[in-house]
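Here the structure comes first, spelled out in structure tokens, and everything after it is commentary.
The values are calculated or read from the model by the stated rules, or taken from the named source; none is laboratory data. Predicted model, so just to flag it, every value in this text is computed and none were measured. Cβ placement follows ideal geometry from the backbone for every residue including glycine, while neighbour counts extend to all protein chains displayed. Only protein heavy atoms, including side chains, enter the accessible area calculation; ligands, DNA and RNA are left aside. Shrake-Rupley method; radii C 1.70, N 1.55, O 1.52, S 1.80 Å.
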Amino acid sequence: MFIKRITAVLLAFCLFVPSVLTQAEEQRHIKWVDFNVPAPLMKQALAWDVKNRESGFNVNWIEVLAYLGAKCGGNFKKNKQQSFQKLIKKLDEGQTMESLTCDMKHYDYYLEAYTAVLGGLAGHYATETEKDGVKHWEERYGLRAFHPIARGFDYQHYDDFGNGRNYGYKRKHLGHDMMALTGTPVVAVESGTVEELGWNQYGGWRVGIRSFDGKRYYYYAHLRQNRPYAEGLAKGGTVLAGDVIGYVGRTGYSARENTNGITQSHLHFGMQLIFDESQKDGNNQIWIDTYEIVKLLSSNRCCVTRNPDTKEYTRTVPYREETPSAKRTLGVEEGAAEAAGGVPLPVIMYHSIQKNRAKLGKYTISPDELEQDLKWLKDNGYHTVTTEQLIRFAEKGKELPDKPILLTFDDGHYDNVQYADPLLKKYGFNAVVFVVGEFIDKSEKEGQQNPNYSYSSRETLKKLADEGVWEIGSHSYHLHHHKKGREGVRRIRGEGDERYYAMLRDDFQKIHGLIEDVTGNPPNAFAYPLGAMSKEAEEVLKEMGIKITLSCILGVGEVKAGDPGSLYKMKRVLRPSGKPLSSFLRKG
């Protein structure tokens, strides 16, 4: 019998498995996740999150679920409602999640694991609505992932994860089957990149879509014979949550392409978690039971419309993520930005550059990978721009080069100097490094700079600035952390305006003063630490002369001539190891 639960005793030993010991630290990534949070509890936690979102509450629904998971050792069969109410009461009384979890041995594991599962299912989005005959975009926060079966189409399902399968070889069923009629429209659960498309003898015609944060790989299999996919679906392309991607069928269980080898029409829906790229196709694959997730998503099924001429289905209500100005694919359609008076501007987010392959991951790439990116950008006609060029364009309409791109490096790692600097010079590119004051202090206190683990010193940053290849931006002085209830620049629950504004001004003035001492000029750009933003921080930054702020919202935005506001809360493209920059940007 397939074991779906792991005991608290095993959990204590198996949550993280070390992959390698390095000089600086032991590198770890999660090797197993057993996700069994009941759908009603997820709905309740999310409803609480949505209700408290506008009040500045600094705890989200995933943190709530992670707390409850750590509390019960992943066993949600008993007292889940009572535990939820007790936790909410403590939070409402002003206790912080940090204080509540400081002695919880496995809270960090559950937070990372549950964030990997649920991280893209809720967030900011916008839908087109109509009032008095006028269409407009309405921004919302809440469940933005869609059920994989379109609204209005019947299906049946039960929890069949882990059941036996015999075709080819004996194995466990690592997905969730939804029985539906052939031709039923299948929609993308979450926005992402089409990573796999085509025939597989086990899954038949199938689609694999990777979430933009790289953590979730969605697998849709046994699609319809002859016409399995939605028109225009292509490998390497992007889809939005709710887009029709294909149609239910019964293909598969045959080495011969386009064979109906399955007895009953159904959609096989799977979710794979990826904490390290070696897990994608390696021996340590993590597939989770999506039965409760499908039940959660049953409240959000996408309406579709059938074209009588092409017989294709498409979504009925236009949808965008994050803001109404976001483009359909979270990138930029050819010519669309220019037609609207803007210029597409990919802002690439790098962090650390390491030669040790054991360190590579979401925030660390190798020097070879960086060089591949820069060479590809050069070969495809991209030109790096400086923050000063962007400001002149937005304020005065000064022309930008063709295919502008902004390269950013967060945190101020010394390995940027060791590996990125010579490569930028080799290809004639510029970049911005966003530094954290306390990281600089830490490096100078240690008295040495090592590319394996150090941050840059003031002296090093001054040399970079003087050479003209690098600009130095602000990433806060003391706010690149989640401590004492504060996440990045966000307000602590119950913190008064006077104290909060004073904290922001003190931190920003300190890092701005450091950068001015190093470069001779105060910074004009700020990257939000941890991606956490607040309207109060944005207000203070503008008061202090910051003209560009960068978020961690994934996508490609645009800048507009004569619109300085287009330089705030800019989207960025995160470049993880194993996924070249060329997969995010267009050729030509």
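From the list 175, 183, 203, the lone residue that is touching a residue at least 40 places away in the same chain (Cβ under 8 Å) and within 26 Å of the chain's Cα centre (by Cα) is 175. Looking at the range 1-111, the helices (runs of 4 or more DSSP H) lying wholly inside it that each contain 1 or more residues that are modelled with pLDDT under 90 and closer than 22 Å to residue 275 by Cα sit at 8-14.
Within the range 552-570, the residues that satisfy the criterion of being at pLDDT 90 or above and within 25 Å of residue 211 (Cβ to Cβ) are 569, 570.
The single condition among (1) closer than 25 Å to residue 526 by Cβ; (2) open to solvent by 10 Å² or more (accessible area, probe 1.4 Å) that residue 412 does not satisfy is (2). Residues that are under 13 Å from residue 563 (Cβ atoms) and of a type outside the set (Lys, Arg) were ranked within the range 382-398; the one that is surrounded by the most Cβ atoms within 10 Å (Cβ to Cβ) is 390. Given the options 64, 37, 117, 33, name the one that is closer than 27 Å to residue 218 by Cβ, surrounded by 16 or more Cβ atoms within 10 Å (Cβ to Cβ) and touching a Gly at 6+ places or on another chain (Cβ under 9 Å). None of the other options fit; the residue is 37. The residues of the range 182-200 that are part of a loop (DSSP other than H, G, I, E, B) and out of contact with any Ser or Thr (no Cβ under 6 Å at 6 or more places or on another chain), listed by number, are 183, 184, 188, 189, 191. Of all the residues in the range 369-381, those that are touching a residue at least 24 places away in the same chain (Cβ under 8 Å), open to solvent by 10 Å² or more (accessible area, probe 1.4 Å) and not in a loop (DSSP other than H, G, I, E, B) number 6.
Identify all residues within the range 517-540 that are among the small types (Gly, Ala, Ser) and either under 20 Å from residue 502 (Cα atoms) or touching a Phe, Trp or Tyr at 6+ places or on another chain (Cβ under 6 Å) (or both); write none if there are none.
Answer for the range 517-540, where residues must be among the small types (Gly, Ala, Ser) and either under 20 Å from residue 502 (Cα atoms) or touching a Phe, Trp or Tyr at 6+ places or on another chain (Cβ under 6 Å) (or both): 527, 532, 534, 537.
For the range 229-243, a tally of residues being surrounded by fewer than 23 Cβ atoms within 10 Å (Cβ to Cβ) and not in a loop (DSSP other than H, G, I, E, B) returns 2.
So which of 238, 259 is more than 25 Å from residue 160 (Cα to Cα) and of a type outside the set (A, V, I, L, M)?
Result: 238 is the single residue among 238, 259 that is more than 25 Å from residue 160 (Cα to Cα) and of a type outside the set (A, V, I, L, M).
Filtered by the rule that a residue be open to solvent by less than 80 Å² (accessible area, probe 1.4 Å) and farther than 24 Å from residue 30 by Cα, the range 93-114 gives 94, 95, 96, 99. Would you confirm whether or not the range 353-368 contains a residue that is part of a helix (DSSP H, G or I), at pLDDT below 95 and either of a type outside the set (Lys, Arg) or surrounded by 22 or more Cβ atoms within 10 Å (Cβ to Cβ) (or both)? Yes, there is a match, as at least one residue in the range 353-368 is part of a helix (DSSP H, G or I), at pLDDT below 95 and either of a type outside the set (Lys, Arg) or surrounded by 22 or more Cβ atoms within 10 Å (Cβ to Cβ) (or both). Filter the range 415-427 for residues that are of a type in the set (Gly, Ala, Ser) and free of Cβ contacts under 8 Å to residues at least 24 places away in the same chain and give the result. Within the range 415-427, none qualify.
A search for C-beta distances below 7 Å between a residue of the range 59-82 that is closer than 15 Å to residue 35 by Cα and any residue that is among the basic types (Lys, Arg) and surrounded by 17 or more Cβ atoms within 10 Å (Cβ to Cβ), counting only pairs 6+ apart in sequence or on different chains, returns 68/80. Number of residues in the range 468-515 that are within 30 Å of residue 426 (Cβ to Cβ) and free of Cβ contacts under 8 Å to residues at least 40 places away in the same chain: the value is 1. Scanning the range 178-192 for residues that are open to solvent by less than 10 Å² (accessible area, probe 1.4 Å) and of a type outside the set (Gly, Ala, Ser) turns up 178, 184, 185, 186, 187, 189. Candidates in the range 133-160 are the residues that are in contact with a strand residue (DSSP E or B) (Cβ under 8 Å, 6 or more places away or on another chain) and within 14 Å of residue 266 (Cβ to Cβ); of these, the one that is surrounded by the most Cβ atoms within 10 Å (Cβ to Cβ) is 148. One residue stands out in the range 421-444 among those that are over 16 Å from residue 457 (Cβ atoms) and assigned to a helix (DSSP H, G or I): the one that is most open to solvent (accessible area, probe 1.4 Å), namely 426.
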